[in-house]
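The values are calculated or read from the model by the stated rules, or taken from the named source; none is laboratory data. Just so you know, these numbers come straight off a predicted model, no measurement behind them. Please note: Cβ atoms are built from the backbone with ideal geometry, for glycine as well, and neighbour counts cover all protein chains shown.
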Amino acid sequence: MCGVHIVEDGEEIDIDFQKYCPINNGKLCKFGIDLPRIYKNCLESPMIDGNLAGREEAIAEAARRLNDWYHDSDGREGLVLCCGDATNEEHLAMKEFASHLGMKRASGLGHVLKAVGNTPFIHDIKNFDIVEGFEQIVLVNIDPYYQYPLVARKLQNAKRRGKKIVSIGPEGTHVEGLADDIMLCRPTDVHDRLKGYVSERSENYTLYIASMGPYSDPTLIAELNNACHGTNSRVFFIKDYANTEASIIMGFNNYESGIEDIIEHIEEGRINALVLVESPLYDTYLDNERFRKACERLKVLVVVQSLMPRDLPANAVLVPMPAFYKRRGTLVNACGRILDLGGYTEGLIGVLNDLNEKMRNGQRMEFGKLSSRAREIYGRWIMEFKDYKKVPVPEHVPADNDTIHYYVVNPFLIRGMDHQLVKRANGELYDRAKERESYVLKKNVAEGVILAYQRDPRYKKMICRY
Amino acid sequence: MSETYWGWSTKDDIRERGESGGFVSSLIESLVGSYDRVITIQKTGTVFEGRAIDVRDPSDVKMIQGALHSLCISMSAYIKKGKRTAIVLKPCDARAVIENMKRNHVLRDEVLLVGLNCGGTLPAVDTMKMIDVEFDIQPDEVLKEEISKGNLIFFTEDGEFSKSIDELEEKGYGRRESCRYCDFKIPSVCDIACGNWGTPAGKNITFVEVFTTRGQEALRHAVDEGFVSVKEPSEKLSEIRTKIDRSMRGLAKKWKAKVIGPVMEMSPEDRLDYIKDALSPCIGCYACRKACPICNCTSDCKCMQMDPDDDLPIPQYHAVRLLHLMESCIGCGNCTDVCPVDIPLARLHQLFSRTYEDRTGYRPGMSTDDTPPLSRGDYPEGY
């Protein structure tokens with residue numbers, strides 16, 4: 001996670017560059033630069049079924065609905081879904097909260113964890129400098145310039161030092177001029193190309209860089225894991241959300257399904273209560289109409305988030321919580337270091353305590369105790385850096401005629417934010433994409449329709465492929 | 001006007017812990033309450049970590065003592081129009097404030113500028129790596145650091161570790177590139193300038209130069225209220241201070257020839273290729289604009305209307321910035337520091353602005369009375 005100072009000056013919010021941060025030397029991507037605008041748009045108004053409400057009122061209504069569900073769930077499941085924008089302490093608080101209500105917990109990574117086990121995905125990746133140390137670097141289905149500019153910088157340095165860079169993935173990933181070898185393929189074929197590449201290669205000292213998040217293909221993740229098993233190679237999974245790694249370390253997820261399956265389960269009625277925490281999927285899932293409609297079938301939908309929603313399902317009780325930077329607690333960054341977030345509010349823990357109090361559900365959760373437990377769990381984990389264990393590779397589901405979802409994940413997209421250079425695909429574009437032949441394929445997982453981009457010509461070109 | 005003094009804190013603890021007798025710390029303490037904001041840098045961990053703070057309470061002064069050469073924070077961004085602000089800053093920050101005064105973003109009457117002499121700042125992360133490799137010490141072992149007589153000195157519980165900056169810079173460590181060729185070492189555009197050049201060895205004293213009546217008043221207040229003591233400096237050491245400044249500026253000139261010279265000597269075609277190549281990794285994050293202490297325009301600024309990666313030889317975003325900053329870039333190097341793809345932006349901007357300065361004699365950030373030649377229609381030959 002990159003270091004940045006958030007400067008509060010009365011009503012104004014600004015950033016300052018944290019040049020001493022060893023992860024990013026103070027350097028920030030578009031998202032980091034845009035943080036002031038994002039934080040200015042933080043959510044303030046609670047809502048009940050589309051109507052503005054007071055905070056107390058929203059808490060009471062959410063508690064009442066959850067309590068009713070607890071006493072009469074119709075034998076269906078309830079789910080607390082948080083993709084990773086929560087502190088370690090908040091993850092533990094959500095576990096406790098869900099446990100009292102008899103709900104399951106999902107991070108959106110269930111499908112991946114089902115494939116490779118609940119194992120940490122950091123192995124000897126101490127900092128980003130390691131990127132420059134490998135003889136060969138393989139970019140797997142990522143656009144470093146757009147998704148991870150700070151890794152792109154390390155890749156440039158590696159190239160200057162004579163390291164070989166290979167890219168496996170679809171067109172338009174801006175690796176021309178960076179990669180020595182570009183293996184173009186359709187998004188659905190990345191795993192096959194990777195498998196072929198791994199079986200043919202002779203180098204043993206390779207760093208693979210790939211994305212990991214709710215839209216990742218578990219087959220690909222398993223292949224990458226196995227490519228490193230018993231070798232000196234490593235895979236650096238860059239997670240989509242701020243604290244995804246900790247959601248694994250803290251054992252948050254116990255629902256073995258990804259977002260696609262979760263939507264299906266809601267549509268089928270298997271899930272009828274959902275607590276959505278800092279995961280505005282109704283704004284960010286590319287077929288957001290489908291997600292919103294699925295949510296509207298729920299008996300209970302409680303949304304707890306800090307950002308202003310755009311397309312909130314009509315049946316939601318929306319409870320605001322403080323912006324991420326304001327929350328007390330710790331995080332585990334992409335390199336496995338525990339960091340203090342530096343905030344000063346109880347954040348989600350405060351919201352969950354208020355809900356618990358209204359429901360007379362369990363004891364008040366104390367930040368100090370959660371923090372000690374989080375550090376204890378982290379301490380055990382850090383002592384147990386494991387080797388890559390060989391895992392069975394899930395069967396690759398052949399594509400059918402459904403729409404392919406090819407997410408070029410970046411912080412704006414997963415938080416449903418507009419940006420002057422980036423805008424989410426609108427309905428028209430999405431429908432057009434579905435009709436086009438070349439990428440109109442997909443089953444279950446992962447890849448995703450591209451975003452729409454307002455001004456940046458590079459991305460307009462990408463959209464044209466659909 | 002210019003008056004010079006030797007100054008020190010009257011409080012024993014500040015004098016002991018502070019840099020050069022704790023004069024600046026105690027001056028800050030004396031200003032709390034007289035200004036809406038008193039802004040300086042606070043150490044937050046090791047000597048490599050810190051942030052800008054608004055000192056609200058005199059007791060906060062204990063958090064701000066000591067040299068922090070690795071904390072290169074753009075201080076001018078913390079001055080807000082309408083707030084009376086006393087601020088401690090480096091010479092380049094002070095020049096940025098002057099440029100902002102010209103643009104009416106900062107009002108002269110609202111600010112007290114307490115400048116620190118500066119031989120250069122260090123990149124924090126590289127310096128942390130350097131002390132491991134070159135000094136065999138870890139960042140959290142460093143209790144204090146100092147630059148003295150061309151040496152970089154780190155103090156730990158085990159003693160003092162010193163190496164020549166020249167030697168370190170030969171190895172690729174040392175000061176930030178823009179600091180190497182910066183030739184503005186004593187911030188004479190401030191109300192007060194402080195530093196350890198021209199002070200007796202081992203005496204924990206600050207050399208203070210006062211340039212304005214506002215500076216005089218602040219100093220008089222600090223003396224009258226018993227925060228600091230001052231006395232007239234010796235003539236001999238005052239001359240030594242002048243010599244150090246001259247020598248530092250001479251060194252900067254050599255660095256300028258080394259860093260910018262080769263690009264200046266290229267043919268126009270090669271120079272254009274050099275600039276194009278340098279800018280080619282740009283990812284359009286706008287961090288350079290955000291970090292620039294001069295660019296205080298809103299998002300409606302002309303440069304923001306341009307794509308950073310259009311198909312033109314030099315992207316228009318950068319072309320607009322290169323031209324706009326040609327007569328206002330003060331060479332602080334913040335743009336280079338924050339560029340996520342390591343474009344040497346400060347070098348490019350200085351390439352333009354130093355050429356402009358050579359041709360017109362105009363230097364940005366030196367006086368609010370200066371008008372840039374292009375603004376008065378006084379174009380240099382060849383433009």
Item checked: Selection within region A:343-363 - surrounded by fewer than 17 Cβ atoms within 10 Å (Cβ to Cβ) and at pLDDT below 85 -> A:362, A:363
Notebook entry, point to check: For region B:307-317, does any single residue satisfy the condition of being within 30 Å of residue A:176 (Cβ to Cβ), at pLDDT 90 or above and within 13 Å of chain A (Cβ to nearest Cβ)?
Noted result: no
Item checked: Residues satisfying the stated conditions in region A:102-130, i.e. touching a Leu at 6+ places or on another chain (Cβ under 8 Å), at pLDDT 85 or above and surrounded by fewer than 21 Cβ atoms within 10 Å (Cβ to Cβ) -> A:104
Note to self: Only one of B:13, B:60 is away from chain A (no Cβ under 14 Å), acidic (Asp, Glu) and either free of Cβ contacts under 8 Å to residues at least 40 places away in the same chain or part of a loop (DSSP other than H, G, I, E, B) (or both). Can you tell me which?
What the structure shows: B:60
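How about region A:241-360: which helices (runs of 4 or more DSSP H) wholly inside it have at least 3 residues that are farther than 18 Å from residue A:374 by Cβ?
Details: elements: A:244-249, A:259-268, A:281-284, A:288-296, A:348-359.
The helices (runs of 4 or more DSSP H) meeting that bar are A:259-268, A:281-284, A:288-296, A:348-359.
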Note to self: Out of everything in region B:268-306 that is hydrophobic (A, V, I, L, M, F, W, C), in contact (Cβ under 8 Å) with a residue 60 or more places away in the chain and over 23 Å from residue B:106 (Cβ atoms), what residue ends up being nearest to the other protein chains (Cβ to nearest Cβ)?
What the structure shows: B:282
Checklist line | Selected residue (only one of B:257, B:287, B:201 is among the aliphatic types (A, V, I, L, M) and touching a Leu at 6+ places or on another chain (Cβ under 9 Å)) | finding: B:287
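From B:305, B:316, B:350, grab the single residue that is buried (at least 18 other Cβ atoms within 10 Å of the Cβ) and either among the polar types (S, T, N, Q) or under 30 Å from residue B:81 (Cα atoms) (or both).
Within the list B:305, B:316, B:350, the selection yields B:350.
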Check: Quick one: which helices (runs of 4 or more DSSP H) sit completely within region B:119-192 and have at least 3 residues that are touching a Phe, Trp or Tyr at 6+ places or on another chain (Cβ under 6 Å)?
Finding: B:124-135
Notebook entry, point to check: Across region A:251-270, what is the number of residues that are closer than 26 Å to residue A:88 by Cβ and of a type outside the set (Asp, Glu)?
Noted result: 9
Item checked: Residue satisfying condition, being more than 14 Å from chain A (Cβ to nearest Cβ) and surrounded by fewer than 20 Cβ atoms within 10 Å (Cβ to Cβ), within set B:376, B:321 -> B:376
Checklist line | Output for region B:23-40, where each listed residue is assigned to a helix (DSSP H, G or I) and in contact (Cβ under 8 Å) with a residue 60 or more places away in the chain | finding: B:23, B:24, B:26, B:27, B:28, B:29, B:30, B:31
Checklist line | Filter result for residue A:15 (within 11 Å of chain B (Cβ to nearest Cβ), touching a helix residue (DSSP H, G or I) at 6+ places or on another chain (Cβ under 6 Å) and among the aliphatic types (A, V, I, L, M)) | finding: yes
Checklist line | Residues (among the aromatic types (Phe, Trp, Tyr), touching a residue at least 40 places away in the same chain (Cβ under 8 Å) and not in a loop (DSSP other than H, G, I, E, B)) located in region A:136-188 | finding: A:146
